[in-house]
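The values are calculated or read from the model by the stated rules, or taken from the named source; none is laboratory data. Owing to the predicted nature of the structure, the values given are computational and were not obtained by experimental measurement. Neighbour counts are summed over all protein chains in view; Cβ atoms, including those assigned to glycine, are modelled from backbone coordinates with ideal geometry. Just so you know, the surface numbers come from the protein's heavy atoms only, side chains and all, with ligands and any DNA or RNA stripped out. Shrake-Rupley method; radii C 1.70, N 1.55, O 1.52, S 1.80 Å.
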Amino acid sequence: MAFQQGLSGLNSSSKALDVISNNVANASTVGFKNSGTVFADAYASSLTGAVSKVQIGIGSAVQAVRQSFTQGNITTTSNPLDMAINGNGFFEVELQSGGFALTRNGQFNIDKQGYIVTPLGDRLMGYQVEDPISGDVRAPATVTADSFRTMVIPSTGVGAAATTEVGLSLNLSADVETIDGATTPLDPNDPETYSYSTALKIFDSLGKEHSLSLYFVRRTDVVNSTWDVYTVLDNDTATLPATPNATLNFDGLGKLVPPSDFVLTSNLGPDADPSVINVDMSMITQFGGKSTPRELTQNGSAPGEIAGLSISRNGTVQARYTNGITKDIGIVNLTTVRNNNGLSPIGNNYWVETPESGGFARGEPGNGLNGVISAGQVEESNVDLTQELVQMIIQQRNYQANAQSIRTQDQILQTLVNLR
């Protein structure tokens, strides 16, 4: 039996060396997971089924080649579409040959059709925004079963959006003197006729930029101090209303009583649709010190073309447009399985599901057991070259030892043959 035992040892060591060599060859392969050889001893079964108290094994066998799905190091790249998974999960891609595969290789790019693809051209799966151009450009992407598909970057830009909402957050100084409207009417060109002014840009339905100036005139400084508010469009004093657009009343604590808004209706251009703008002044206060703007907001925009992409930790892909708007394109999907070692490797850093891998679950990064995304980075191979080289020496010694057992058995048989 020594020949069979030695031969089985040679085969086991040879397969182990193959596994080690494959690990070493993929030490620089992005997303690669190293493998280890699982050995088992072998025994001959008795024909009678009786159990012998003296059983000598007939060698060894390779029971399995098991991959280790431990985390690889994260390294930075110059590609903003490169992604590394920090934690559990796999990217899911649609193969050009049909079907789906899982991968930890996050080297992605955009093809000529706008799809996010692997170096082989297989398309990344995720939760796509139905129409990333229309609707509220600030609406976040959501995860739904119906939105799961191959992820594509829209080729068209965002259209113009007319300003319909303006928000004013500022402080009007409680220290300024009042101005008598009867004797000193507002003149935008004369700073002595108003207490404070500010301006912000707004947009018409064609995306053309306009200026909205607001003039605040303090009329009384008693309890419920009052301020008149006037507007001027595009610095044209002809648009100044004859009466205030609104009057603000403040209590002794510097708060509006009650908050006051107004609606501004105007034609901002001969070719544009009439503009109806709601001006929210609920965040205006009256405290001591200087009159100071905190934040002036509006929801309009000029048309814009896509200028860049970014990916957040939770996998949200955002497009950045030339008009300053950012828009969610979708969310990268991560897929987890119950048993990673039940996955079947098919090459190109791909795995496919098998009955042994158990059930799978799809979801967004950072949710539940899913890892998070590191954009502009990739996960390196988890191969430890030092360990692999040591294991190579060990298997080389094992191979030599098994070869020596065969040689020793041969010498013993040769001794028997030479007996006279």
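Would you please name the residue that is farthest from residue 227 (Cα to Cα), looking only at residues in region 164-183 that are free of Cβ contacts under 8 Å to residues at least 60 places away in the same chain and open to solvent by 40 Å² or more (accessible area, probe 1.4 Å)?
Of the residues in region 164-183, the ones free of Cβ contacts under 8 Å to residues at least 60 places away in the same chain are 177-183.
Narrowing further to those that are open to solvent by 40 Å² or more (accessible area, probe 1.4 Å): 177-178, 180, 182-183.
Numbers: 177: 11, 178: 9, 180: 11, 182: 14, 183: 16 Å.
It comes out as 183.
Just to be sure, is residue 356 more than 24 Å from residue 76 (Cα to Cα), touching a residue at least 24 places away in the same chain (Cβ under 8 Å) and among the acidic types (Asp, Glu)? Please lay out each step first, then the result.
Details: more than 24 Å from residue 76 (Cα to Cα): yes; touching a residue at least 24 places away in the same chain (Cβ under 8 Å): no; among the acidic types (Asp, Glu): yes.
Criteria not met by residue 356.
Among the residues of region 205-226 satisfying the criterion of being in contact with a Pro (Cβ under 9 Å, 6 or more places away or on another chain) and modelled with pLDDT of 95 or more, which is nearest to residue 278 (Cα to Cα)?
Across region 205-226, the extreme among qualifying residues is 213.
Output the residue which, of all residues in region 188-230 that are in contact with a helix residue (DSSP H, G or I) (Cβ under 8 Å, 6 or more places away or on another chain) and touching a residue at least 40 places away in the same chain (Cβ under 8 Å), is least open to solvent (accessible area, probe 1.4 Å).
Applying the filter and picking the extreme gives 188.
Search region 379-394 for residues that are within 15 Å of residue 16 (Cα to Cα) and pair each with any residue that is surrounded by 18 or more Cβ atoms within 10 Å (Cβ to Cβ) and among the β-branched types (Val, Ile, Thr) when their beta-carbon atoms are under 6 Å apart and the residues are at least 6 apart or on different chains.
The qualifying pairs are 388/20; 391/20; 392/20.
What is the one condition in (1) out of contact with any strand residue (DSSP E or B) (no Cβ under 8 Å at 6 or more places or on another chain); (2) among the hydrophobic types (A, V, I, L, M, F, W, C); (3) surrounded by 12 or more Cβ atoms within 10 Å (Cβ to Cβ) that residue 419 does not satisfy?
Only one criterion in (1) out of contact with any strand residue (DSSP E or B) (no Cβ under 8 Å at 6 or more places or on another chain); (2) among the hydrophobic types (A, V, I, L, M, F, W, C); (3) surrounded by 12 or more Cβ atoms within 10 Å (Cβ to Cβ) is unmet by residue 419, namely (3).
Look at region 73-100 and say how many of its residues are closer than 20 Å to residue 312 by Cα and either open to solvent by 20 Å² or more (accessible area, probe 1.4 Å) or not hydrophobic (A, V, I, L, M, F, W, C) (or both).
If we filter region 73-100 for residues that are closer than 20 Å to residue 312 by Cα, which is where we start, we get 73-93.
After this cut, where a residue has to be either open to solvent by 20 Å² or more (accessible area, probe 1.4 Å) or not hydrophobic (A, V, I, L, M, F, W, C) (or both) as well, the list is 73-80, 82, 86-89, 92.
Adding up the residues that qualify gives 14.
From the list 308, 289, exactly one residue is part of a strand (DSSP E or B) and surrounded by fewer than 16 Cβ atoms within 10 Å (Cβ to Cβ). Which is it?
On the way: 289 fails: part of a strand (DSSP E or B).
The match here is 308.
Here's the yes/no breakdown for (1) at pLDDT 85 or above; (2) in contact with a helix residue (DSSP H, G or I) (Cβ under 9 Å, 6 or more places away or on another chain):
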position	(1), (2)
16	yes, yes
32	yes, yes
49	no, no
53	no, no
61	no, yes
73	yes, no
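For residue 295, all conditions in the list (1) surrounded by fewer than 12 Cβ atoms within 10 Å (Cβ to Cβ); (2) touching a residue at least 12 places away in the same chain (Cβ under 8 Å); (3) in a loop (DSSP other than H, G, I, E, B) hold save one; what is the number of the exception?
Of the numbered conditions (1) surrounded by fewer than 12 Cβ atoms within 10 Å (Cβ to Cβ); (2) touching a residue at least 12 places away in the same chain (Cβ under 8 Å); (3) in a loop (DSSP other than H, G, I, E, B), the odd one out for residue 295 is (3).
Please identify the pairs in which a residue from region 332-344 that is under 21 Å from residue 107 (Cβ atoms) has its Cβ atom under 7 Å from the Cβ atom of a residue that is in a helix (DSSP H, G or I) and open to solvent by less than 50 Å² (accessible area, probe 1.4 Å), counting only partners at least 6 apart or on another chain.
Matching pairs, first to second residue: 343/357.
Quick check on residue 148: is it touching a Lys or Arg at 6+ places or on another chain (Cβ under 8 Å) and among the hydrophobic types (A, V, I, L, M, F, W, C)?
Against the criterion (touching a Lys or Arg at 6+ places or on another chain (Cβ under 8 Å) and among the hydrophobic types (A, V, I, L, M, F, W, C)), residue 148 qualifies.
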